[in-house]
1. If you consider only alpha-carbon coordinates, what radius of gyration and Dmax does segment A:159-300 have, in Å?
2. Given A:K34/A:K329; A:K313/A:K398; A:K9/A:K34; A:K182/A:K207; A:K182/A:K329, which pairs have Cα atoms separated by over 18 Å?
3. May I ask you to find the residues of segment A:332-372 that are shielded by at least 30 Å² of accessible area once the whole protein assembly is considered instead of their isolated chain (probe 1.4 Å)?
4. Using a Gaussian network model on chain A with a 10 Å cutoff between Cα atoms, which of A:E338, A:E272, A:E69 fluctuates the most?
5. Chain pair A, B: how much accessible area is buried, both chains summed, with a 1.4 Å probe, in Å² to 100?
6. What are the residues whose amide H is under 5 Å from the amide H of A:E252, where those residues sit 5 or more places off or on another chain and H is modelled from the backbone?
7. Give me the lysines in straight-line cross-link reach of B:K46: C-alpha distance below 28 Å, same-chain residues under 8 apart excluded.
8. With every protein chain present, what is the per residue accessible area of the protein assembly as shown (1.4 Å probe, Å²)?
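The values are calculated or read from the model by the stated rules, or taken from the named source; none is laboratory data. Since this is a predicted model, take the numbers as computed values, not measurements. Methodologically, a virtual Cβ is constructed for each residue, glycine included, from the backbone with ideal geometry; neighbour enumeration extends over all protein chains shown. Protein only, heavy atoms only, side chains kept; ligands, DNA and RNA dropped before computing areas. Shrake-Rupley method; radii C 1.70, N 1.55, O 1.52, S 1.80 Å.
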Amino acid sequence: MFDVNEIRKDFPILSRKVNGYPLVYLDNAATSQKPQQVIDCIVDYYSNYNANIHRGVHTLSQEATDKYEAARNTIKEHFNASKTSEIIYTSGTTHSINLVASGFTSLLKKGDEIIVSALEHHSNIVPWQMLCERTGAVLKVIPMNQEGVLDMDAYVDLLNDKTQLVFVNHISNALGIINPIKFIIDQAHRVGAVVLIDGAQACSHVKVDFQALDCDFYVTSAHKMCGPTGVGILYGKEAWLEKLPPYQGGGEMIAEVSFEKTTYAGLPHKFEAGTPNICGGIAFGAAIDYLNTIGFSEIAKQEEMLLEYANKKLLEIEGLKIYGTGSEKTSVISFNIEGLHPYDIGTIIDKLGIAVRTGHHCAQPVMDFFNIPGTVRASFAFYNTIEEVDALVSAVKKAKMMLS
Amino acid sequence: MSIESIQQDLVEEFEMFDDWMQRYEYMIDLGKSLPLIDDTQKTDDKIIKGCQSKVWLDASLDGDKVTFTADSDAIITKGIIAILIRVFNNQKPQDILNAEMSFIDDIGLKEHLSPTRANGLVSMIKQLKMYATAYQAKLNS
């Protein structure tokens, strides 16, 4: 039985005060808060079995390796990859994207086409622009409409036999719009293109099934899923991961080294040079276990309820406009108030204990499309409450009064 | 008036307020009272770029003193500029360069010195002092 007040007790940070007010944390799209279960897992690692992995014969090293690999298996099971070796640990989404972009340098030629969407975060634009600069490939953009919904007819028109790669986020970080990725993947495969899905904003809201999606690559970060910062994954179909060259050289990623020739380790270690974020990987597994204990259908129910309520309450404020009004969306509300700057609103409501994000959300092209400097973005998690939405609405009203 | 005595006045003015809300309301009023800059003057060479809000800052040398004009698209930022301009307008470049900035803490605006305010006080002060450096060099030559 889902009881939000019980769940909140798992998150120690939620009981602190900010500027004299109870913290209302509505910046979950930037990073989620961490439950005691994940914090305990981190403390347990450093208190009891911290050791380097994969190389020691001693007991601690064995224990740490077992837990690290068990977490990889938890991740594989959660996302339904076909093999554990298809889960590459990285430092997060941006690292994962750069790994793939770097790998494709030798696989692309001048005139090849790469497709991204108009809704992308900078981390899913810049690495591909850099890849285009290195290879002479051309970047194409799927346009969106005023509701923040990608134009699928235009997308299909962009696809042709020169299309090599398609990169789209699962859910837009700036607007919360859920993109039709299954359709995008299937259409890309029709012309033989490879698809990478950026799931940084999705995995805390929905249970993603890699095999059902049939995506070639999927990337995400632990810290948006109640896990620690500095760890994430690259999922890739085995055939593609075999084809990509290693990204970084070093320890862990080799089979044999001599000065004449080095042979690389097999998957997943080929892409995991150096000592990894061992504790982070293990805690990522604990975070996934935690989310599954609550249940993704319960999470979705709570977040949908908060979204609907917040939408209704915020729209009662005169002059408030919400960006990203497509019907398929997660619990993110990006808004502005006519005549007011998002920075001013964010500054005032912070003084009232409310944490939101203001600015362009690292998605400047999205802001340019709407011709705005940025938005105020409130993003809700399953541990947020109706009372917190009320606190947000009343703080925004107060800010409006002060600023107008 | 010297920079120091203007700063002292500001500290005393802000001391009259009981809470942050009154301080911010006053700052917003100061922002609103700052003369508007014509849009044609808001050119990219005068912009202090950042993540959050835009600031335009321009300066000229009037005799041996510097005059500043500035604007921002965000009103709280504009209030901060209004405070800075009140302190530094019509002052000698060397006095601007020598000025202590601890009054910002004293008037309760310390949070605007945080590095997360990418376009906050720090970059504005830096830009003001850069103008002062340039004009001081001009006066010396």
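1. 17.3, 57
2. Beyond 18 Å: A:K34/A:K329.
3. Residues meeting the cut-off: A:H341, A:Y343, A:D344, A:T347, A:I348, A:K351, A:H360.
4. Highest fluctuation among the options: A:E338.
5. Summing both chains' loss of accessible area gives about 1600 Å².
6. Answer set, sorted by chain and number: A:G274.
7. Result set, ordered by chain and number: B:K32, B:K54, B:K65, B:K78, B:K92, B:K110, B:K126, B:K129, B:K138.
8. Accessible surface, normalised per residue, equals 43 Å².
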